[in-house]
Each structure stands twice: as structure tokens, then as C-alpha cells.
1. Please give the strands (runs of 3 or more DSSP E) falling wholly within the stretch 3-106 in which 3 or more residues are touching a residue at least 12 places away in the same chain (Cβ under 8 Å) and touching a His at 6+ places or on another chain (Cβ under 7 Å).
2. With (1) in contact with a strand residue (DSSP E or B) (Cβ under 7 Å, 6 or more places away or on another chain); (2) surrounded by fewer than 16 Cβ atoms within 10 Å (Cβ to Cβ); (3) over 22 Å from residue 121 (Cα atoms) as the list, and residue 63 as the residue in question, which single condition is left unmet?
3. In the stretch 103-117, is there at least one residue being buried (at least 18 other Cβ atoms within 10 Å of the Cβ), acidic (Asp, Glu) and outside the structural domain of residue 161 (by TED's automatic domain parsing)?
4. Of all residues in the stretch 37-58, which are of a type in the set (Ser, Thr, Tyr), surrounded by 15 or more Cβ atoms within 10 Å (Cβ to Cβ) and over 16 Å from the mean Cα position of the chain (by Cα)?
5. Residues 175, 139, 192, 160: which one is free of Cβ contacts under 8 Å to residues at least 40 places away in the same chain, charged (D, E, K, R) and in the same structural domain as residue 69 (by TED's automatic domain parsing)?
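The values are calculated or read from the model by the stated rules, or taken from the named source; none is laboratory data. From a predicted model like this one, the values you see are computed outputs, not experimental measurements. Counting neighbours? That spans all protein chains shown, and the Cβs are built from the backbone with ideal geometry, glycine included.
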Amino acid sequence: MLRLRNINSFYGNIQVLKNVNIEISRGEIIALIGANGAGKTTTLMTISGLVPSRSGEITFMGKTIHNMRPDRIVLLGISQVPEGRRIFSYLTVLENLDMGAFLRTDKKNIKKDMEYIFDLFPILGQRRNQVGGTLSGGEQQMLAISRAMMARPALLLLDEPSLGLAPLMVRQIFEIIKKINIENQTTVFLVEQNANLALKAAHRGYVMENGRITLSDSAENLLSNENVRKAYLGL
């Protein structure tokens with residue numbers, strides 16, 4: 001479904017991604033783990049077209065996308081939930097969801113998808129007219145995921161969904177991620193500092209160090225890998 005081949009990305013003259021190779025198949029949950037500053041967020045931003053790659057190739061469902069504008073990439077079926085949520089804090093829950101569907105023209109299905117969101121996150125249905133900035137951190141994360149889902153993505157990119165949330169809320173968010181993957185058949189590419197949680201939710205995983213992929217395996221094997229356990233699982 002998605003393939004990154006020898007991707008190199010820079011911020012100015014500083015190289016962040018170094019010959020990154022990643023493959024994601026339809027229906028998978030893939031985790032990308034690594035230390036702060038390893039290049040995980042840059043990987044998602046490069047896929048989304050927000051950080052251009054200087055060399056290499058990205059294909060999505062057979063189409064080359066590494067030179068495309070971000071809005072065209074969204075139309076193809078890739079949505080990103082950014083780190084720190086970044087909802088529109090002065091807009092209501094409903095208005096935030098409408099922004100997620102901004103590029104769509106199928107009004108009947110937009111309404112149906114909004115009903116699905118409120119089934120998925122009942123609290124958002126109860127607070128549909130509430131301003132986003134007044135929601136709790138967990139509710140804002142729900143809204144950020146829901147806004148991305150309103151674009152009807154085939155591939156959902158999630159950047160640190162557990163960041164700043166209470167453990168109970170984190171578990172709830174991860175249950176929803178698995179539900180979206182199964183019920184909607186939405187493929188998920190997950191960047192997450194909580195490596196243990198990410199790998200327990202994922203089918204496969206990649207380890208990134210200093211902008212390079214240093215290891216890839218099934219999530220089960222990564223969870224039992226001695227080096228991964230010491231470096232990222234605190235075991």
C-alpha cells in the first residue's frame with residue numbers, strides 16, 4: 001500500500017532521514033519506535049508532503065506521491081493526526097469535524113461518517129457544540145483522530161497519540177485505534193514513544209535511530225528482542 005525507498009529528508013542543511021525504507025500493507029497497524037529526535041515525526045511529515053524528500057521515492061497504492069502537494073495526498077487517502085493534536089481550538093467539535101471533510105463533496109456520506117464518529121466517541125457527540133479548546137486533553141485527542149477520519153483515509157498516520165494523556169485515557173485511545181483498523185479496515189502507521197503499548201497494538205514494527213531504520217520485524221518479535229527491551233521498553 002505504502003512504500004518508502006531510500007528516502008532522504010532535510011531541515012535546511014541538516015539531514016534528518018537517511019535512506020529510509022519502509023513498507024506498509026493494506027489493513028496493517030505498523031509501529032515506528034525510537035528515541036526523541038530519531039526522525040519519526042519527520043517520516044510522517046515526509047509521507048504527508050509537509051517535508052519534501054530530497055531523494056528517494058514514496059509510492060501509495062502504486063502512485064508516486066513524494067512530489068505531490070499535501071492536499072493532493074489527502075485526496076488520495078492519507079490523513080495525519082499531528083503530535084500535540086493541533087485541533088482548531090476556537091471552533092466547535094462539529095466545525096472541527098467539518099474541517100476534516102473539507103475536501104469532500106459527498107454530503108450524504110459526510111453525515112453518515114459523523115454519526116459513526118459519535119458512535120465511536122460518544123463524548124464528542126454530547127459536546128458537539130462545545131469549543132474544542134475547552135475539551136480535556138483526551139477529548140482533544142479523540143477529536144484530532146475523528147477530524148482525520150472525516151477525510152475517509154485509507155491510511156491513517158498517528159503521531160504520539162498517547163502524549164500527555166492519563167493512563168486510562170491512553171488505553172481507551174489505543175482500543176479505538178484497533179477498532180478503527182478492524183471495523184473500517186483503515187491501515188494505521190503509528191509513531192509512539194510508548195513502545196510497549198505501540199508494539200502490543202501493532203502487527204509489525206520498525207526501529208529508527210538517528211534517521212535510519214535499524215531493525216524491522218513482527219511486533220511480537222520486537223517485544224521479545226533483548227536490545228529493544230533494554231533500549232525502549234525499560235526492561
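1. Fully inside the stretch 3-106 and qualifying: 53-60.
2. Here residue 63 clears every test but (1).
3. The answer is yes, given that some residue of the stretch 103-117 is buried (at least 18 other Cβ atoms within 10 Å of the Cβ), acidic (Asp, Glu) and outside the structural domain of residue 161 (by TED's automatic domain parsing).
4. The one that is of a type in the set (Ser, Thr, Tyr), surrounded by 15 or more Cβ atoms within 10 Å (Cβ to Cβ) and over 16 Å from the mean Cα position of the chain (by Cα): 53.
5. Going through 175, 139, 192, 160 in turn, just one is free of Cβ contacts under 8 Å to residues at least 40 places away in the same chain, charged (D, E, K, R) and in the same structural domain as residue 69 (by TED's automatic domain parsing): 175.
Here is a yes/no grid of residues against (1) at positive phi; (2) of a type in the set (S, T, N, Q); (3) buried (at least 18 other Cβ atoms within 10 Å of the Cβ):
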| position | (1), (2), (3) |
| --- | --- |
| 178 | no, no, no |
| 186 | no, yes, yes |
| 190 | no, no, yes |
| 212 | no, no, no |
| 227 | no, yes, no |
